[in-house]
1. What list of ³J(HN,Hα) values in whole Hz, one per residue of the stretch 88-97 in order, does the Karplus curve 6.51 cos²θ - 1.76 cosθ + 1.60 (θ = phi - 60°) give from phi, with Gly and Pro shown as x?
2. In a Debye calculation with equal point scatterers on the alpha-carbon sites of the chain and no solvent, what is log10 I(q)/I(0) at q = 0.18 Å⁻¹?
3. Which entries of Lys48/Lys79; Lys11/Lys111; Lys26/Lys105; Lys17/Lys49; Lys17/Lys48; Lys38/Lys79 have Cα-Cα distances beyond 21 Å here?
4. Which one of Thr6, Ala29, Val44 has its Cα pushed farthest toward the positive end of the charge dipole of the stretch 1-53, where Lys and Arg give +1 and Asp and Glu give -1 at the Cβ?
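Just so it is clear, none of the values below were taken in a lab; they were calculated from the coordinates. From a predicted model like this one, the values you see are computed outputs, not experimental measurements. Neighbour counts run over all protein chains shown; Cβ positions are idealised from the backbone, glycine included.
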Amino acid sequence: MATNRTLTMIKPNAVQKGLVGAILEKIAASGFRIVALKMTQLTVDDAKKFYDVHEGKSFYEDLYTFMSSGPIVAAVLEKDNAVEDFRSLVGATDPAAAAEGTLRKLYADSKSRNAVHGSDSDDNARIESSFHFSRRELFV
Ligand code: ATP
Ligand code: MG
């Protein structure tokens, strides 16, 4: 059964370009409720750990360097079918392949600087939410 929470990060390129408000507005308008929210900056070790499933891949060093290069905004979002529906809203990894109206089509600079993260499974949504938020930072 699908759970109803997912974890997003607005990535450093989008924060740097002043897109936090526009992206949060799209998220809210798409029916997601924000249950946790913070601006923070990942250390290199944080970013390595968050994306450790990609360790050994050609883009891993660029990925963790970029993700720790500036502030991000992390949020836990609630909605029926949250993981799948949020991946649909985010769009394909490469913005050139992303559908019209998706966050990456609208706001990504490139495949590696693609503006927004979304969890890819319910298990990872839970792991990633715990990575960013303590229990008292989550509002039911
Ligand atoms: P995210 O996990 O950030 O939401 P995703 O699930 O669409 O993105 P993943 O396969 O998990 O894509 O890859 C994580 C991130 O690594 C991507 O968002 C992208 O920035 C980067 N990445 C993935 N594949 C490539 C690639 N072939 N070349 C460059 N960067 C890549
Ligand atoms: Mg992913």
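1. 5, 5, 5, x, 4, 3, 8, x, 5, 9
2. One equal scatterer on each Cα of the chain leads to -1.03.
3. On the way: Lys48/Lys79 29 Å; Lys11/Lys111 12 Å; Lys26/Lys105 13 Å; Lys17/Lys49 25 Å; Lys17/Lys48 24 Å; Lys38/Lys79 19 Å.
Checking Cα-Cα distances, Lys48/Lys79; Lys17/Lys49; Lys17/Lys48 exceed 21 Å.
4. Ala29
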